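The values are calculated or read from the model by the stated rules, or taken from the named source; none is laboratory data. If you're wondering where the values come from, they're calculated on a predicted model, not measured in any experiment. Note that we place each Cβ from the backbone using ideal geometry, even for glycine, and neighbour counts take in every protein chain shown. Surface areas here come from the heavy atoms of the whole protein model, side chains and all, with no ligands, DNA or RNA. Shrake-Rupley method; radii C 1.70, N 1.55, O 1.52, S 1.80 Å.
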Amino acid sequence: MTDQDNQGDKAAASLRHLAGASPAARKVAGARRNPSVVGYEQTAPKWLREMAGVSWRLLVVAAAIAVVFYATSRVTLLFIAVFIAFVFTAVLRPVVDLLTRAMPRGLATAIALLGGIGVFAGLLTYVGYSVASQWDALSKQFGNGIGEITKFLENGQLPFTITNAQIAQWIDTGRAWVQQHAGDLASQAAASAGSVVQVFTALALAVFCTVFFLARGHELWTWFLNQLPVRVREGWQVAAGAGWYTFSGYTRGTVIIATTDGFLAFIALSIIGVPLAAPLAVLVLIGAFIPLVGAPAAMVVAMIVALAANGPISAGIVGICIALIGQFEGHVLQPLVMGRQVSLHPVVIAVTVTAGTLTAGILGAVIAVPLVAVAWAVFSKLRRMDPPMDEEQEAESDEDVEYPGRAAPADAE
């Protein structure tokens, strides 16, 4: 009998033995001859397998986020309308809940919504009236102020001088540029007109959605939950509750802070005597919806107006008021109004605003922070954290790490 026959007999005996064995035994026996049956390969190091697992999961998450961004870019108008509807709902819902105690919810929704529209329209009317009533005096003040600035640039104590001839040359250059690009400017104006139509369309859709969110929001949410399997409803309720708590708190807090900033700016500009104090205060109010940079940028515009109308001293006082209002907002209003509803570090807010601006311009700067705040609130609510490390444990673990150029511990020698 040859060696080949012996191996064949051993294989046949092994098969007969496995035929009478349990499935688990057959699986183990097969795994010994074929390591891939175990479920992972043994050829790659453990760290490489772990990194590969994390990497493909990150790629899947990145692909999902890219799909969401792409889908949103296809329906930008719809996304903006729904976002504005959520903002209106967050601001008006406390008013509706208060009025519901004395009247039907539908009537309370109508009163709150019409009241909000009335306040907004009245604010715009007041701004327009202020500009119209001060236009003649403002044009004279601007003319005198620009003349003083020109004299200061030409004869002031500066390391450089700017003559009237240079200013006239710059004006002629700008006029020539406008004439050369008249067609492009006209097309941009036409596109802006189309954007105005889109803005009104988004506002109309937002108001329509707000009516149903305020009047029947609970019923809509219940209907949505009923479309989901029972096993996932609790998770959706927890995540949605955390997200809405953060979004509504951020929205209402931002409205309160923006109104306070605008009111303080109006008082300061009126005392200083800056023209168009009311429109500039409204500009500060609108700018406050862009975290960190919105309100200061609007106050810089007020500084320019003060410089042109009243001179550098008035502009300097306005600059001091910018710093004071910013400090009051950062150290008093933000902690008092926002509280723990939006727990984002200022560095995260700055990076988020920058990323939103680079992605979608001014609109991205406005909506980036609330979206990130909601995402972080949902993630914090659903995740399971290990016990935190205190400062002493962190110091001990830091001592055990040997950095380049750092002396080794004495007991390690």
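SER397 meets the conditions (1) hydroxyl-bearing (Ser, Thr, Tyr); (2) at pLDDT 75 or above; (3) open to solvent by less than 90 Å² (accessible area, probe 1.4 Å) in every case but one. The failed one is (2). Quick check, is SER270 out of contact with any Phe, Trp or Tyr (no Cβ under 8 Å at 6 or more places or on another chain) and open to solvent by less than 20 Å² (accessible area, probe 1.4 Å)? Answer is no for this residue. One residue stands out among those in the range 92-134 that are among the β-branched types (Val, Ile, Thr) and open to solvent by less than 70 Å² (accessible area, probe 1.4 Å): the one that is farthest from ALA215 (Cα to Cα), which is VAL131. The selection criterion, being modelled with pLDDT of 70 or more and open to solvent by 80 Å² or more (accessible area, probe 1.4 Å), holds for VAL347. Pairing each residue of the range 360-377 that is free of Cβ contacts under 8 Å to residues at least 24 places away in the same chain with any residue that is part of a helix (DSSP H, G or I) and of a type outside the set (Lys, Arg), provided the two are 6+ apart or on different chains, yields C-beta distances under 7 Å for GLY364/GLY356; GLY364/THR357; ALA368/THR352; ALA368/VAL353; ALA368/ALA355; ALA368/GLY356. Of the residues ALA365, ALA295, ALA278, ALA315, the single one that is in contact with a Leu (Cβ under 6 Å, 6 or more places away or on another chain) and within 30 Å of SER130 (Cα to Cα) is ALA315.
The set of residues from the range 344-385 being over 21 Å from VAL87 (Cβ atoms) and assigned to a loop (DSSP other than H, G, I, E, B) comprises HIS345, ARG383, ARG384, MET385. For the criterion of being hydrophobic (A, V, I, L, M, F, W, C) and modelled with pLDDT under 65, ALA132 fails. The test for being in a helix (DSSP H, G or I), open to solvent by 80 Å² or more (accessible area, probe 1.4 Å) and modelled with pLDDT of 90 or more does not hold for LEU78.
Residues that are more than 18 Å from VAL127 (Cβ to Cβ) and aromatic (Phe, Trp, Tyr): which helices (runs of 4 or more DSSP H) entirely in the range 192-311 hold 3 or more of them? Spell out the reasoning first.
Values: elements: 230-272, 277-287, 294-310.
Output list reads 230-272.
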